[in-house]
1. Checking the condition at pLDDT below 75 and surrounded by 18 or more Cβ atoms within 10 Å (Cβ to Cβ), which residue from 131, 106 passes?
2. Failed condition for residue 180, given (1) closer than 23 Å to residue 37 by Cα; (2) at pLDDT 75 or above; (3) more than 15 Å from the chain's Cα centre (by Cα), with all others met?
3. Kindly indicate which of 165, 151, 116, 111 is on the phi > 0 side of the Ramachandran plot, assigned by TED's automatic domain parsing to the domain that holds residue 240 and at pLDDT below 75.
4. Given the criteria in the same structural domain as residue 14 (by TED's automatic domain parsing), out of contact with any strand residue (DSSP E or B) (no Cβ under 8 Å at 6 or more places or on another chain), in a helix (DSSP H, G or I) and at pLDDT 80 or above, does residue 209 qualify?
5. Can you confirm whether the range 16-26 contains a residue that is at pLDDT 85 or above and either in a helix (DSSP H, G or I) or touching a helix residue (DSSP H, G or I) at 6+ places or on another chain (Cβ under 7 Å) (or both)?
6. Answer with yes or no whether residue 244 is assigned to a helix (DSSP H, G or I), within 28 Å of residue 8 (Cα to Cα) and at pLDDT 70 or above.
7. Could you figure out which of (1) assigned to a helix (DSSP H, G or I); (2) in contact with a helix residue (DSSP H, G or I) (Cβ under 6 Å, 6 or more places away or on another chain); (3) at pLDDT 70 or above; (4) within 30 Å of residue 143 (Cβ to Cβ) isn't true of residue 195?
């Protein structure tokens, strides 16, 4: 079982180093269902794995000049302030509730990965973003991280690309710095109650670091859209499995069915001329709308 845990941790690190997010969303299920940790310890230990792995992965991006510090530091500072509180609050919430909340976040993450396309052709000039917007996004990511142990990169990477105009490689590198900052902050909230399983976390962290270094080397060489789509489907499937584990099999099956129908409809409407939803939306002629 430990060999499987290590192998999956390497894949998590590769996804994190390559995409700047996404891999971290699987760390909690990995520790809970493969590593055998209870929900609270899995969430706390995942923050250690994510923090160290993101920091190591960010180093390669810093050396390559793919980190925009003027963006990373404001985002990171806002996220850190909330992540500590989330970590302290998590101990008072039942483990099942935390895992169900995590599954819902996984559904959002998978949908975001399937919906979004990378901004690979954006210019290197960073657009000025109001501090309020940076603070709001940072607070949202920090809350997610501290409370349920997710890195929040699935929110950060597309937001950085859209809001600031960063090209995809720079958005990935910058997001890793933010994830490392807020994950370390969230971890401090869990350390007070001794919730980290250090032996398991150390092994998983070492394996994930190796994967992150591999992923960082291939940033820009691999089609990020194709990889993100594949990973998005995987995250959605894992979310359905998690819901089935923590609630009932019927809930997990219903979730999986709705996911397949929704995503299939979306892809059909986006990539083909035929869209079944158009039959449900009446056409409004300009004269009638006037």
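The values are calculated or read from the model by the stated rules, or taken from the named source; none is laboratory data. None of the values given here were measured: they were computed from a predicted structure. For neighbour counting, all protein chains shown are included, and Cβ atoms are generated from backbone atoms with ideal geometry for every residue, glycine included.
1. Numbers: 131 fails: surrounded by 18 or more Cβ atoms within 10 Å (Cβ to Cβ).
Being at pLDDT below 75 and surrounded by 18 or more Cβ atoms within 10 Å (Cβ to Cβ) holds for just one of 131, 106, which is 106.
2. Status for residue 180: all satisfied but (3).
3. Of 165, 151, 116, 111, the one residue that is on the phi > 0 side of the Ramachandran plot, assigned by TED's automatic domain parsing to the domain that holds residue 240 and at pLDDT below 75 is 165.
4. Working: in the same structural domain as residue 14 (by TED's automatic domain parsing): yes; out of contact with any strand residue (DSSP E or B) (no Cβ under 8 Å at 6 or more places or on another chain): yes; in a helix (DSSP H, G or I): yes; at pLDDT 80 or above: yes.
Judged against the criteria, residue 209 is a match.
5. No, because not a single residue in the range 16-26 is at pLDDT 85 or above and either in a helix (DSSP H, G or I) or touching a helix residue (DSSP H, G or I) at 6+ places or on another chain (Cβ under 7 Å) (or both).
6. Yes, satisfied.
7. Only one criterion in (1) assigned to a helix (DSSP H, G or I); (2) in contact with a helix residue (DSSP H, G or I) (Cβ under 6 Å, 6 or more places away or on another chain); (3) at pLDDT 70 or above; (4) within 30 Å of residue 143 (Cβ to Cβ) is unmet by residue 195, namely (1).
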